[in-house]
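This report refers to the structure that appears directly beneath it.
The values are calculated or read from the model by the stated rules, or taken from the named source; none is laboratory data. Model, not experiment: these values are computed from the prediction. Glycine also receives a Cβ, built like all others from the backbone with ideal geometry; neighbour counts cover every protein chain displayed. In case anyone asks, the SASA skips ligands and DNA or RNA and just uses the protein heavy atoms, side chains included. Shrake-Rupley method; radii C 1.70, N 1.55, O 1.52, S 1.80 Å.
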Amino acid sequence: MAITLVLRPLFVTLPTLFTVLNLANLVLALVFYTLVRLDLFPKWECILSLVIAIILIMPMLALSGGVNSQVACILPLYPVFAALIGGYKESLLVTIFLTVCVVLATIFSTDIVDLSEADYSREKSVVRGFWLTMSIIFSGVFGRFFLKKYTEFTDQLRDENIHDPLTGLLNRRGLNRNFSRELDNASLSTSPLSVLLIDIDYFKKVNDMYGHDTGDICLVQVGKLLADNIRKSDTIARFGGEEFIILLPGTTQLDAVKVAEYLKGIVAQGKFSDFNLPLTITIGITERHPQNDNALKMIKRADKALYKGKDKGRNCVEVSE
(Lines give C-alpha, C1' and ligand atoms only; values in the text may rest on other atoms or scores of the structure.)
Protein backbone atom coordinates (compact mmCIF):
# COMPACT_ATOMS: atom_id res chain seq x y z
CA MET A 1 0.00 0.00 0.00
CA ALA A 2 2.79 2.40 0.95
CA ILE A 3 4.67 1.65 -2.26
CA THR A 4 1.51 2.31 -4.26
CA LEU A 5 1.08 5.72 -2.60
CA VAL A 6 4.69 6.65 -3.35
CA LEU A 7 4.72 5.53 -6.98
CA ARG A 8 1.17 6.49 -8.00
CA PRO A 9 2.07 10.11 -8.97
CA LEU A 10 4.44 8.68 -11.55
CA PHE A 11 1.67 6.84 -13.38
CA VAL A 12 -1.18 9.36 -13.53
CA THR A 13 -2.25 11.74 -16.23
CA LEU A 14 -0.71 15.12 -15.45
CA PRO A 15 -2.57 18.39 -15.83
CA THR A 16 -1.15 20.72 -18.48
CA LEU A 17 0.32 22.98 -15.77
CA PHE A 18 2.61 20.23 -14.46
CA THR A 19 3.73 19.32 -17.97
CA VAL A 20 4.69 22.94 -18.58
CA LEU A 21 6.51 23.06 -15.24
CA ASN A 22 8.47 19.91 -16.00
CA LEU A 23 9.47 21.22 -19.40
CA ALA A 24 10.54 24.50 -17.80
CA ASN A 25 12.60 22.51 -15.26
CA LEU A 26 14.28 20.59 -18.06
CA VAL A 27 15.18 23.82 -19.86
CA LEU A 28 16.43 25.33 -16.59
CA ALA A 29 18.63 22.32 -15.88
CA LEU A 30 20.08 22.42 -19.40
CA VAL A 31 20.79 26.15 -19.14
CA PHE A 32 22.54 25.64 -15.80
CA TYR A 33 24.58 22.75 -17.20
CA THR A 34 25.65 24.94 -20.13
CA LEU A 35 26.65 27.81 -17.83
CA VAL A 36 28.76 25.46 -15.71
CA ARG A 37 30.42 23.88 -18.74
CA LEU A 38 31.24 27.29 -20.21
CA ASP A 39 32.41 28.56 -16.80
CA LEU A 40 30.59 31.87 -17.36
CA PHE A 41 29.64 32.57 -13.74
CA PRO A 42 32.03 30.56 -11.50
CA LYS A 43 31.26 32.66 -8.40
CA TRP A 44 27.53 31.99 -8.71
CA GLU A 45 27.62 28.27 -9.50
CA CYS A 46 27.06 27.12 -5.90
CA ILE A 47 24.07 29.32 -5.16
CA LEU A 48 22.57 28.69 -8.61
CA SER A 49 22.84 24.93 -8.16
CA LEU A 50 21.01 25.19 -4.83
CA VAL A 51 18.25 27.40 -6.22
CA ILE A 52 17.74 25.15 -9.24
CA ALA A 53 17.73 22.02 -7.06
CA ILE A 54 14.91 23.54 -4.98
CA ILE A 55 12.97 24.61 -8.08
CA LEU A 56 13.27 21.14 -9.63
CA ILE A 57 11.76 19.40 -6.61
CA MET A 58 8.77 21.73 -6.28
CA PRO A 59 6.56 20.06 -8.96
CA MET A 60 7.12 16.65 -7.35
CA LEU A 61 6.09 18.08 -3.98
CA ALA A 62 2.99 19.62 -5.51
CA LEU A 63 2.07 16.38 -7.28
CA SER A 64 2.28 14.35 -4.09
CA GLY A 65 0.62 16.65 -1.61
CA GLY A 66 3.00 19.40 -0.48
CA VAL A 67 3.86 18.96 3.22
CA ASN A 68 2.08 15.59 3.12
CA SER A 69 4.35 14.39 0.35
CA GLN A 70 6.72 11.50 0.92
CA VAL A 71 9.29 13.56 -0.99
CA ALA A 72 9.08 16.34 1.62
CA CYS A 73 11.44 14.39 3.90
CA ILE A 74 14.27 15.42 1.54
CA LEU A 75 13.82 19.14 2.23
CA PRO A 76 15.66 19.22 5.62
CA LEU A 77 18.78 17.95 3.83
CA TYR A 78 19.01 21.06 1.65
CA PRO A 79 20.47 23.46 4.30
CA VAL A 80 23.19 20.92 5.09
CA PHE A 81 23.96 20.45 1.39
CA ALA A 82 24.06 24.24 1.03
CA ALA A 83 26.57 24.46 3.88
CA LEU A 84 28.73 21.73 2.35
CA ILE A 85 28.93 23.05 -1.21
CA GLY A 86 28.45 26.74 -0.49
CA GLY A 87 28.84 28.18 2.98
CA TYR A 88 27.01 29.82 5.86
CA LYS A 89 25.26 32.46 3.74
CA GLU A 90 24.00 29.89 1.26
CA SER A 91 22.77 27.63 4.04
CA LEU A 92 20.98 30.53 5.74
CA LEU A 93 19.28 31.62 2.51
CA VAL A 94 18.12 28.08 1.75
CA THR A 95 16.83 27.65 5.32
CA ILE A 96 14.82 30.87 5.17
CA PHE A 97 13.45 30.12 1.70
CA LEU A 98 12.36 26.56 2.55
CA THR A 99 10.87 27.64 5.87
CA VAL A 100 8.73 30.26 4.16
CA CYS A 101 7.68 27.76 1.46
CA VAL A 102 6.69 25.08 3.99
CA VAL A 103 4.72 27.55 6.11
CA LEU A 104 2.83 28.76 3.02
CA ALA A 105 2.28 25.17 1.84
CA THR A 106 0.84 24.33 5.25
CA ILE A 107 -1.49 27.32 5.26
CA PHE A 108 -2.73 26.64 1.73
CA SER A 109 -2.54 22.85 1.90
CA THR A 110 -6.18 22.48 0.79
CA ASP A 111 -5.30 24.16 -2.52
CA ILE A 112 -2.42 21.80 -3.36
CA VAL A 113 -3.27 18.95 -5.70
CA ASP A 114 -2.40 15.50 -4.37
CA LEU A 115 -2.31 12.96 -7.19
CA SER A 116 -1.38 10.15 -4.79
CA GLU A 117 -5.08 10.17 -3.73
CA ALA A 118 -4.14 9.90 -0.06
CA ASP A 119 -6.78 10.85 2.48
CA TYR A 120 -6.47 14.53 3.36
CA SER A 121 -6.40 15.65 7.00
CA ARG A 122 -6.11 19.31 7.93
CA GLU A 123 -4.83 18.43 11.41
CA LYS A 124 -2.16 16.09 10.04
CA SER A 125 -1.10 18.68 7.49
CA VAL A 126 -0.54 21.28 10.21
CA VAL A 127 1.40 18.84 12.36
CA ARG A 128 3.54 17.66 9.45
CA GLY A 129 4.13 21.24 8.33
CA PHE A 130 5.22 22.19 11.85
CA TRP A 131 7.72 19.33 12.22
CA LEU A 132 8.98 19.80 8.69
CA THR A 133 9.64 23.46 9.44
CA MET A 134 11.43 22.53 12.70
CA SER A 135 13.54 19.97 10.83
CA ILE A 136 14.58 22.52 8.23
CA ILE A 137 15.51 25.09 10.90
CA PHE A 138 17.43 22.44 12.86
CA SER A 139 19.23 21.44 9.66
CA GLY A 140 20.23 25.07 9.11
CA VAL A 141 21.54 25.35 12.68
CA PHE A 142 23.40 22.05 12.29
CA GLY A 143 24.88 23.29 9.00
CA ARG A 144 26.20 26.39 10.80
CA PHE A 145 27.62 24.26 13.62
CA PHE A 146 29.19 21.86 11.10
CA LEU A 147 30.81 24.72 9.18
CA LYS A 148 32.25 26.20 12.37
CA LYS A 149 33.78 22.88 13.44
CA TYR A 150 34.95 22.15 9.91
CA THR A 151 36.64 25.56 9.69
CA GLU A 152 38.35 25.07 13.06
CA PHE A 153 39.51 21.60 12.04
CA THR A 154 40.83 22.68 8.63
CA ASP A 155 42.58 25.71 10.17
CA GLN A 156 44.24 23.40 12.69
CA LEU A 157 45.33 21.00 9.94
CA ARG A 158 46.58 23.88 7.81
CA ASP A 159 48.51 25.27 10.75
CA GLU A 160 50.05 21.88 11.54
CA ASN A 161 50.84 21.38 7.88
CA ILE A 162 53.04 24.48 7.61
CA HIS A 163 54.61 24.57 11.09
CA ASP A 164 57.44 22.61 12.61
CA PRO A 165 56.04 20.51 15.48
CA LEU A 166 59.14 21.03 17.66
CA THR A 167 59.91 24.74 17.44
CA GLY A 168 56.50 26.02 16.30
CA LEU A 169 58.23 27.94 13.51
CA LEU A 170 57.32 27.53 9.86
CA ASN A 171 58.52 24.34 8.21
CA ARG A 172 59.73 23.98 4.62
CA ARG A 173 56.18 23.96 3.26
CA GLY A 174 55.31 27.15 5.10
CA LEU A 175 58.62 28.69 4.07
CA ASN A 176 58.00 27.94 0.39
CA ARG A 177 54.60 29.62 0.57
CA ASN A 178 56.01 32.77 2.16
CA PHE A 179 59.11 32.74 -0.04
CA SER A 180 56.97 32.76 -3.21
CA ARG A 181 54.89 35.62 -1.84
CA GLU A 182 57.95 37.70 -0.88
CA LEU A 183 59.61 37.09 -4.25
CA ASP A 184 56.46 38.24 -6.06
CA ASN A 185 56.23 41.34 -3.86
CA ALA A 186 59.90 42.15 -4.38
CA SER A 187 59.57 41.71 -8.14
CA LEU A 188 56.49 43.92 -8.39
CA SER A 189 57.87 46.66 -6.15
CA THR A 190 61.51 46.27 -7.27
CA SER A 191 62.45 46.23 -3.58
CA PRO A 192 65.35 44.19 -2.15
CA LEU A 193 64.94 40.82 -0.48
CA SER A 194 67.66 39.15 1.57
CA VAL A 195 67.98 35.68 3.05
CA LEU A 196 69.81 34.53 6.18
CA LEU A 197 70.68 30.85 6.44
CA ILE A 198 71.63 30.04 10.04
CA ASP A 199 73.35 26.98 11.47
CA ILE A 200 74.02 26.24 15.15
CA ASP A 201 77.73 25.51 15.51
CA TYR A 202 78.84 22.07 16.69
CA PHE A 203 75.29 21.06 17.48
CA LYS A 204 76.07 17.36 17.05
CA LYS A 205 78.31 17.57 20.12
CA VAL A 206 75.35 18.85 22.15
CA ASN A 207 73.26 15.84 21.13
CA ASP A 208 76.13 13.41 21.75
CA MET A 209 77.11 14.80 25.16
CA TYR A 210 73.75 15.84 26.64
CA GLY A 211 71.20 13.82 24.65
CA HIS A 212 68.66 14.67 22.01
CA ASP A 213 66.16 15.95 24.58
CA THR A 214 68.59 18.69 25.57
CA GLY A 215 69.33 19.31 21.91
CA ASP A 216 65.62 19.76 21.20
CA ILE A 217 65.34 22.27 24.05
CA CYS A 218 68.27 24.20 22.59
CA LEU A 219 66.62 24.24 19.16
CA VAL A 220 63.37 25.57 20.60
CA GLN A 221 65.15 28.26 22.63
CA VAL A 222 67.41 29.40 19.80
CA GLY A 223 64.45 29.49 17.41
CA LYS A 224 62.41 31.58 19.84
CA LEU A 225 65.35 33.93 20.46
CA LEU A 226 65.77 34.52 16.75
CA ALA A 227 62.03 34.96 16.18
CA ASP A 228 61.78 37.49 19.03
CA ASN A 229 64.52 39.65 17.54
CA ILE A 230 63.30 40.11 13.96
CA ARG A 231 60.56 42.29 12.51
CA LYS A 232 56.96 41.15 12.18
CA SER A 233 57.32 41.48 8.42
CA ASP A 234 60.23 39.02 8.40
CA THR A 235 59.76 35.27 8.02
CA ILE A 236 61.62 32.69 10.07
CA ALA A 237 61.46 28.94 9.49
CA ARG A 238 63.22 25.82 10.64
CA PHE A 239 65.07 24.73 7.54
CA GLY A 240 66.02 21.32 8.82
CA GLY A 241 68.11 19.81 11.63
CA GLU A 242 69.86 22.66 13.42
CA GLU A 243 69.38 25.13 10.55
CA PHE A 244 67.05 28.12 10.44
CA ILE A 245 66.28 30.50 7.60
CA ILE A 246 65.06 34.10 7.76
CA LEU A 247 63.56 36.14 4.92
CA LEU A 248 64.15 39.88 5.17
CA PRO A 249 61.84 41.76 2.75
CA GLY A 250 62.85 45.31 1.86
CA THR A 251 66.38 44.65 3.14
CA THR A 252 69.58 45.02 1.15
CA GLN A 253 72.49 42.67 1.61
CA LEU A 254 74.39 45.38 3.48
CA ASP A 255 71.53 45.84 5.97
CA ALA A 256 71.12 42.07 6.21
CA VAL A 257 74.72 41.82 7.42
CA LYS A 258 73.86 44.19 10.28
CA VAL A 259 70.84 42.07 11.20
CA ALA A 260 72.92 38.89 11.04
CA GLU A 261 75.67 40.34 13.23
CA TYR A 262 73.06 41.38 15.78
CA LEU A 263 71.45 37.93 15.85
CA LYS A 264 74.86 36.25 16.10
CA GLY A 265 75.68 38.45 19.06
CA ILE A 266 72.51 37.78 21.07
CA VAL A 267 72.84 34.03 20.55
CA ALA A 268 76.47 34.13 21.69
CA GLN A 269 75.40 35.98 24.85
CA GLY A 270 72.70 33.45 25.74
CA LYS A 271 72.72 30.27 27.81
CA PHE A 272 70.56 27.38 26.68
CA SER A 273 68.82 24.39 28.28
CA ASP A 274 69.04 23.41 31.94
CA PHE A 275 72.78 23.00 31.49
CA ASN A 276 73.22 26.68 30.57
CA LEU A 277 75.07 25.71 27.42
CA PRO A 278 76.82 28.44 25.40
CA LEU A 279 76.01 28.28 21.70
CA THR A 280 77.10 30.17 18.62
CA ILE A 281 75.72 30.40 15.10
CA THR A 282 77.14 30.81 11.62
CA ILE A 283 75.11 32.78 9.07
CA GLY A 284 75.20 32.81 5.28
CA ILE A 285 73.63 35.78 3.48
CA THR A 286 72.42 36.46 -0.02
CA GLU A 287 70.24 39.05 -1.75
CA ARG A 288 67.72 38.61 -4.56
CA HIS A 289 69.15 39.26 -8.00
CA PRO A 290 67.05 41.54 -10.21
CA GLN A 291 66.91 39.04 -13.07
CA ASN A 292 65.77 35.39 -13.14
CA ASP A 293 66.22 34.70 -9.44
CA ASN A 294 64.19 32.25 -7.41
CA ALA A 295 64.02 30.65 -3.97
CA LEU A 296 66.17 27.65 -4.87
CA LYS A 297 68.97 29.80 -6.29
CA MET A 298 68.93 32.14 -3.30
CA ILE A 299 69.04 29.29 -0.81
CA LYS A 300 71.93 27.66 -2.68
CA ARG A 301 73.91 30.91 -2.60
CA ALA A 302 73.20 31.38 1.11
CA ASP A 303 74.18 27.77 1.75
CA LYS A 304 77.52 28.26 -0.02
CA ALA A 305 78.14 31.36 2.07
CA LEU A 306 77.21 29.42 5.21
CA TYR A 307 79.72 26.64 4.48
CA LYS A 308 82.34 29.23 3.66
CA GLY A 309 81.77 30.65 7.13
CA LYS A 310 82.12 27.18 8.65
CA ASP A 311 85.41 26.69 6.84
CA LYS A 312 86.62 29.96 8.36
CA GLY A 313 86.01 28.68 11.89
CA ARG A 314 82.26 29.25 12.50
CA ASN A 315 80.60 31.91 14.70
CA CYS A 316 80.69 34.37 11.85
CA VAL A 317 78.65 36.04 9.14
CA GLU A 318 79.49 35.35 5.51
CA VAL A 319 78.06 37.01 2.39
CA SER A 320 77.54 35.10 -0.85
CA GLU A 321 79.61 36.02 -3.86
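Numbers for the structure displayed
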item	result
Accessible carbon and sulfur surface of region 119-176 relative to its total accessible area, %, 1.4 Å	60
Average accessible surface area per residue within region 74-201, 1.4 Å rolling probe, Å²	59
Spacing of the two label points (7 Å from each Cα toward its C-beta) at residue 229 and residue 103, in nm	6.5
Relative contact order for region 267-314, counting Cα pairs under 8 Å that sit 6 or more residues apart, in percent	34
Environment charge of residue 236, counting only residues whose C-beta is closer than 12 Å and scoring Lys/Arg +1, Asp/Glu -1	0
Volume per residue of the C-alpha convex hull in region 144-258, rounded to whole Å³	125
Linear extension gain, residue 31 paired with residue 208, 0.36 nm per residue minus alpha-carbon span	56.7 nm
Pairwise label distance in nanometres, residue 304 with residue 261, each label 7 Å out on the Cα-Cβ vector	2.4
Relative contact order, percent, region 90-230 [alpha-carbon distance under 8 Å, six or more residues apart]	17
Solvent-accessible area, 1.4 Å probe, carbon plus sulfur percent, for region 187-288	54
Net lengthening on full extension, residue 189/residue 74 (0.36 nm per residue, minus Cα-Cα)	36.0 nm
Beta bridge orientation in region 182-321: antiparallel %, DSSP, nearest 5	90
Which of 195, 51, 257 is most accessible, then next, and so on - probe 1.4 Å	51, 257, 195
